[in-house]
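Working notes for the structure below.
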Amino acid sequence: MKEKKLIYILNGPNLNLLGEREPEIYGATSLKDIESSLIEIANENDTAISIHQSNHEGELIDLVHEASKKADGIIINPAGYTHTSVAILDALLAIKLPTIEVHITNIYNREEFRKKSLISKAAKGIICGFGVKGYIMALDSIKEILKNENK
Ligand code: CA2
């Protein structure tokens, strides 16, 4: 029987507030709602997901290491660490799993400091500005990447 591909979905600091605060910027959908939609889509596609959120840089790095042992790909919204974390970048570069970077907002039409992502160097692709739908787009893309890798 064909093994299900497992995708780790990692979310950085403050994304636990999705749907509760600043809906004008980040929308009204909670992380739990995003998880439900992603599980539904994953089920239809013979894929499994494992979704995590942490407000701590080291914990996100531990999750990247865990993903390297358990998962086939990573979707990551590093949130504020996008613009500061060499350590998360190093973790992603070290493990070499196909990685897609997601941002709910368009980081290029916001404040200057958001325009630079340290994480993108480790990403196959970046999806930003499509709201929480970006996570679904990323799941779709990573499935394609994994399918092509196995050709
Ligand atoms: O657009 C994105 O997804 C960001 O990664 C979100 C980060 C921000 O620092 C990045 O520049 C772009 C912020 C996440 C904070 O999430 C909140 C959600 C709801 C309410 C307050 C914060």
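Treating cross-link reach as a plain straight distance, find the lysines whose alpha-carbon is under 17 Å from the alpha-carbon of Lys69, omitting any fewer than eight places away in the same chain. Cross-link targets: Lys4, Lys5, Lys96. Packing-based ranking of 18-26, 41-49 yields 41-49, 18-26, ordered from highest to lowest mean Cβ neighbour count within 10 Å. Coupling constants for region 132-147 follow from the phi torsions by the Karplus curve (6.51 cos²θ - 1.76 cosθ + 1.60, θ = phi - 60°), and in residue order they are 6, 4, x, 5, 5, 4, 5, 5, 4, 5, 5, 4, 4, 4, 5, 5 Hz; glycine and proline get x.
Rounded, prolate or oblate: which one fits region 23-143, using the alpha carbon gyration tensor with axes a ≥ b ≥ c (rounded when a/c is under 1.5, else prolate when a/b beats b/c, else oblate)? Since a/c reaches 1.5 but b/c is at least a/b, the shape of region 23-143 is classed as oblate. Determine the shape class of region 1-87: with a ≥ b ≥ c the square roots of the Cα gyration tensor eigenvalues, call it rounded for a/c under 1.5, and otherwise prolate if a/b is greater than b/c, oblate otherwise. Since a/c reaches 1.5 but b/c is at least a/b, the shape of region 1-87 is classed as oblate.
For Ile88, what charge total do you get from the other residues with a beta carbon under 12 Å from its beta carbon, if Lys and Arg give +1 and Asp and Glu give -1? Once all neighbours under 12 Å are counted, the net charge is -4. Around Ser50, with a cut-off of 14 angstrom between Cβ atoms, what is the net charge of the other residues, counting Lys and Arg +1 and Asp and Glu -1? Net of charged neighbours comes to 0.
Please tell me which of these pairs span more than 24 angstrom C-alpha to C-alpha: Lys116/Lys147; Lys121/Lys143; Lys116/Lys143; Lys124/Lys147?
As for pairs spanning more than 24 Å Cα to Cα, those are Lys116/Lys147; Lys116/Lys143.
Report, in whole Å, the centroid distance computed from the Cα atoms of region 2-29 and region 72-103. One Cα centre to the other: 14 Å. Rounded to the nearest whole Hz, the Karplus-based 3J(HN,Hα) values (6.51 cos²θ - 1.76 cosθ + 1.60, θ = phi - 60°) of region 82-96 follow the sequence 3, 9, 9, 9, 5, 5, 5, 4, 4, 4, 5, 5, 5, 8, 6, with x at glycine and proline. Using the average count of surrounding beta-carbon atoms within 10 Å as a protection proxy, the listed peptides 73-84, 110-121 rank, highest first, as 73-84, 110-121.
In terms of surrounding Cβ atoms within a 10 Å radius of their Cβ, Asp72, Asp140 rank from fewest to most as Asp140, Asp72.
Taken together, the values in this text are just the output of simple stated rules run on the coordinates, not laboratory data. None of these values were measured; they are calculated from a predicted model. Because the Cβ atoms are built from the backbone with ideal geometry, glycine has one as well, and the counts that use them run over all protein chains shown.
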